[in-house]
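FYI, it's all coordinate maths here, none of it is from the lab. Values in this document were obtained by computation on a predicted structure and should not be read as measured data. Cβ placement follows ideal geometry from the backbone for every residue including glycine, while neighbour counts extend to all protein chains displayed.
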Ligand code: NDP
Ligand code: OXD
């Protein structure tokens with residue numbers, strides 16, 4: 001079996017070594033133009049040239065959860081696209097989102113500023129019941145985040161395409177329930193995949209439906225958010241702040257207004273990192289399963305785009 005590695009923005013060698021160790025009978029190499037056909041590919045943002053040359057792939061394993069960069073390309077018709085299925089990301093995402101929600105709810109930024117100014121001051125405790133958190137996207141990551149927020153007893157709402165049942169979480173499904181979902185939330189967490197249906201979904205109209213003082217946490221993709229609309233709603237006072245991990249252009253350009261905006265916290269696309277060892281183990285297990293003709297989880301539905 002031939003496995004080829006084509007990963008942008010990351011070193012290929014440790015991935016090669018990891019797959020060789022777990023699949024000693026496979027021939028594993030890093031792709032170069034003109035290489036012979038592989039059976040399986042390990043990819044991150046592969047170029048179109050790679051797909052055009054590797055039209056005989058049985059499956060292509062993305063080393064992230066989001067496949068939006070791949071779905072924009074011309075894909076070989078028979079190749080299965082497979083995304084990472086958690087592989088250690090959901091616990092990181094739960095940590096990141098709970099941290100952002102709690103920092104905002106408990107006003108820790110305000111305390112930090114007071115302490116830095118040498119002031120021993122108290123703020124009036126806020127009511128948890130007034131801080132409903134809405135999670136857009138109740139998949140592998142969103143459901144874990146919703147469950148983690150419930151541990152801190154925040155009221156939690158979830159929104160997905162198809163109906164869900166998660167204990168303690170008010171679940172909404174479909175476009176008909178979107179407005180009801182939004183107006184139920186003070187804090188909005190985005191964990192949707194980026195598809196034609198979800199691009200620009202965080203815009204002036206939708207964000208205006210959040211409760212006054214709303215707070216936005218975008219950890220999915222930058223193209224979900226219309227950045228000028230967010231800035232307008234922050235400056236008008238309808239929204240009280242935002243924590244943003246993903247951006248339309250990454251790295252975030254040096255002159256971007258988010259860097260200096262007093263109500264915006266920026267992190268460098270780091271809310272849930274790909275963990276190499278966990279990911280190699282998951283993908284190697286799936287390659288073995290596929291080569292035995294067994295079904296695997298995490299196969300992307302081409303018509304849905306995720
Ligand atoms: P999943 O595919 O498991 O979950 C996606 C969820 O979104 C599902 O609940 C799905 O509904 C819902 N959904 C999709 N389209 C719509 C729609 N049009 N309307 C309503 N709901 C919709 O993905 P993951 O949870 O694994 O990952 C989510 C995203 O997080 C990734 O696509 C990626 O972009 C981002 N991500 C960001 C990272 C970071 O470091 N910032 C790291 C990892 C991922 P249903 O269940 O009904 O199908
Ligand atoms: C992912 C990401 O999609 O890292 O996994 O953003």
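Shown for 226, 156, 299: other C-beta atoms within 10 Å of each C-beta, ranked fewest to most, produce the order 299, 226, 156.
Computed over segment 85-165, relative contact order equals 34 percent, with contacts defined as Cα pairs under 8 Å that lie 6+ residues apart.
Compared with the direct C-alpha span, the chain from residue 108 to residue 20 gains 27.0 nm at full extension, assuming 0.36 nm per residue. Across the chain, Cα-Cα pairs more than 35 Å apart make up 27 percent of the total. Backbone N atoms of segment 189-209 closer than 19 Å to the 7 Å Cα→Cβ label point of residue 179 belong to residues 201-209. Report note on the peptides 129-138, 96-105, 75-84: ranked by the mean count of other C-beta atoms within 10 Å, highest first, their order is 129-138, 96-105, 75-84. Using Cα atoms only, what is the angle between the long axis of helix 276-291 and the major principal axis of the chain, expressed in degrees (0 to 90) to the nearest 10? Compared with the principal axis, the helix lies near 50 degrees. Here the translational diffusion coefficient of segment 31-96 follows from Stokes-Einstein with Rh set to the Kirkwood radius across Cα pairs; for 4 °C and 1.567 mPa s it amounts to 101 µm²/s. Quick one: in segment 198-306, what % of C-alpha pairs are over 16 Å apart? Across segment 198-306, Cα pairs with separations above 16 Å total 67 percent. Please work out the Cα center distance from segment 280-300 to segment 195-260, rounded to the nearest Å. Value for the Cα centre distance between the two parts: 36 Å.
Sorting 306, 111, 215 from the fewest to the most surrounding beta carbons within 10 angstrom yields 111, 306, 215. With N as its number of residues, segment 61-142 has a Cα radius of gyration that, divided by 2.2 N^0.38 Å, comes to 1.72. For a label point 7 Å from the Cα of residue 10 along Cα→C-beta, name the residues of segment 254-285 whose backbone N is under 16 Å from it. Inside the label zone: 269-285.
Put simply, the C-alpha atoms of segment 1-136 give a gyration tensor, and the ellipsoid matching it has half-axes of 46, 17, 13 Å, longest first. Here the extension length gained between residue 95 and residue 127 equals 9.3 nm, from 0.36 nm per residue of separation less the Cα-Cα distance. Computed over segment 89-266, the P(r) tail beyond 25 angstrom holds 30 percent of alpha carbon pairs. When only Cα pairs below 8 angstrom with a gap of at least 6 residues are kept, the chain shows a relative contact order of 16 percent.
Can you sort 259, 120, 31, 159 by how many other beta carbons sit within 10 Å, fewest first?
Neighbour counts put them in this order, fewest first: 120, 259, 31, 159.
Of all DSSP beta bridges confined to the chain, the antiparallel ones make up roughly 5%.
With contacts taken as Cα pairs under 8 Å and at least 6 residues apart, segment 89-266 reaches a relative contact order of 16 percent.
The C-alpha atoms of the chain define a longest principal axis, and helix 89-105 lies at about 10 degrees to it. Specify the residue with the greatest mean-square fluctuation among 119, 282, 54, computed from a Gaussian network of the chain linking alpha-carbon atoms under 10 Å apart. With Cα springs under 10 Å in the chain, the top fluctuation among 119, 282, 54 is at 119.
For residue 162 and residue 35, a Förster radius of 35 Å and the Cβ-Cβ distance give a FRET efficiency of 0.30, rounded to the nearest 0.05. Note: segment 83-188, Cα convex hull, 115 Å³ per residue.
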